[in-house]
1. Given the criteria at pLDDT 95 or above, over 23 Å from L42 (Cα atoms) and surrounded by 16 or more Cβ atoms within 10 Å (Cβ to Cβ), does F116 qualify?
2. In this structure, does A32 turn out to be aliphatic (A, V, I, L, M) and buried (at least 18 other Cβ atoms within 10 Å of the Cβ)?
3. Looking at region 116-141, which of its residues are assigned to a helix (DSSP H, G or I) and either of a type in the set (D, E, K, R) or under 15 Å from the mean Cα position of the chain (by Cα) (or both)?
4. For a quick check of your reading of the model, give me the residue pairs whose first member lies in region 113-129 and is touching a residue at least 60 places away in the same chain (Cβ under 8 Å), whose second is surrounded by 22 or more Cβ atoms within 10 Å (Cβ to Cβ) and assigned to a strand (DSSP E or B), with beta-carbon atoms closer than 6 Å and at least 6 apart or on different chains.
5. Applying the selection to region 62-77, what residues are assigned to a helix (DSSP H, G or I) and either within 17 Å of C123 (Cα to Cα) or among the hydrophobic types (A, V, I, L, M, F, W, C) (or both)?
6. Out of (1) surrounded by fewer than 19 Cβ atoms within 10 Å (Cβ to Cβ); (2) touching a Cys at 6+ places or on another chain (Cβ under 8 Å); (3) closer than 19 Å to D107 by Cα, what's the single condition that is false for D40?
7. Residues to consider are R7, R15, R37; find the one that is charged (D, E, K, R), touching a residue at least 60 places away in the same chain (Cβ under 8 Å) and under 30 Å from D114 (Cβ atoms).
8. Would you confirm whether or not region 161-174 contains a residue that is at positive phi and either part of a helix (DSSP H, G or I) or touching a Phe, Trp or Tyr at 6+ places or on another chain (Cβ under 9 Å) (or both)?
Amino acid sequence: MPDAKKRYAMVVDTRGCVACKACVLACKAENAVPDGRTRDWLVEEVRGRFPRLAAENRSERCNHCAGAPCVDACPTGASHVAEGGTVQVTRHKCTGCKACMAACPYDARYVHPDGFVDKCTFCLHRAQYGKLPACVEVCPTACLHFGDLSDPGAEVSRLLRERKWKVNHPETGARPNVYFLV
């Protein structure tokens with residue numbers, strides 16, 4: 001049964017991200033992500049019109065939504081809510097039907113060569129022991145932050161109180177737990 005008290009979240013400081021891809025490489029190494037697949041990725045977005053342009057770098061991944069449409073779409077229960085409100089996939093229950101992939105508003109899942117659907121886990125195997133996700137641990141600009149939003153003293157809670165932020169695709173009602181400081 002998921003721990004209803006914790007609510008894990010990630011906060012990405014878009015002003016600090018330099019798109020170095022250390023997070024992507026650390027995730028691949030930590031989680032044995034197969035070649036050609038990825039659990040997290042970088043988005044480099046340029047907005048505006050010349051000469052008034054603005055650039056934003058975002059490290060993106062599964063948003064571990066509080067109202068996860070992927071969980072609702074999964075016919076086998078392989079996609080489920082686990083500790084800290086994280087969305088996880090139980091590999092042996094997954095048939096590879098891709099219903100969760102179609103339901104995800106963030107395009108955050110892929111089919112593993114072994115036939116199951118895979119995605120970011122917020123490195124729950126590390127968080128359970130008080131360690132940070134691999135991507136957060138290696139970020140050279142310290143722009144990735146991870147913690148428990150139910151703890152008002154946690155760094156992620158403080159950052160969201162003190163800084164302006166956004167989430168991707170709020171219109172879906174999925175209630176994502178990845179926040180971008182702007």
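The values are calculated or read from the model by the stated rules, or taken from the named source; none is laboratory data. If you're wondering where the values come from, they're calculated on a predicted model, not measured in any experiment. Positions of Cβ are generated from backbone atoms using ideal geometry, with glycine treated the same way; all protein chains shown enter the neighbour counts.
1. Numbers: at pLDDT 95 or above: yes; over 23 Å from L42 (Cα atoms): yes; surrounded by 16 or more Cβ atoms within 10 Å (Cβ to Cβ): yes.
The answer is yes for F116.
2. Details: aliphatic (A, V, I, L, M): yes; buried (at least 18 other Cβ atoms within 10 Å of the Cβ): no.
Taking the combined requirement at face value, the residue does not satisfy it.
3. Restricting attention to region 116-141, the residues satisfying the condition of being assigned to a helix (DSSP H, G or I) are 124-127, 134-138.
Matches in region 116-141: L124, H125, R126, A127, A134, C135, V136, E137.
4. Final answer for the pair search is C120/D40; C120/R61; F122/Y8.
5. Answer for region 62-77, where residues must be assigned to a helix (DSSP H, G or I) and either within 17 Å of C123 (Cα to Cα) or among the hydrophobic types (A, V, I, L, M, F, W, C) (or both): C70, V71, A73.
6. Only one criterion in (1) surrounded by fewer than 19 Cβ atoms within 10 Å (Cβ to Cβ); (2) touching a Cys at 6+ places or on another chain (Cβ under 8 Å); (3) closer than 19 Å to D107 by Cα is unmet by D40, namely (1).
7. Details: R7 fails: under 30 Å from D114 (Cβ atoms); R15 fails: under 30 Å from D114 (Cβ atoms).
It is R37.
8. Within region 161-174, the subset at positive phi is 169, 173.
Okay, now just the ones that are also either part of a helix (DSSP H, G or I) or touching a Phe, Trp or Tyr at 6+ places or on another chain (Cβ under 9 Å) (or both), so 169.
Scanning region 161-174 turns up at least one residue that is at positive phi and either part of a helix (DSSP H, G or I) or touching a Phe, Trp or Tyr at 6+ places or on another chain (Cβ under 9 Å) (or both).
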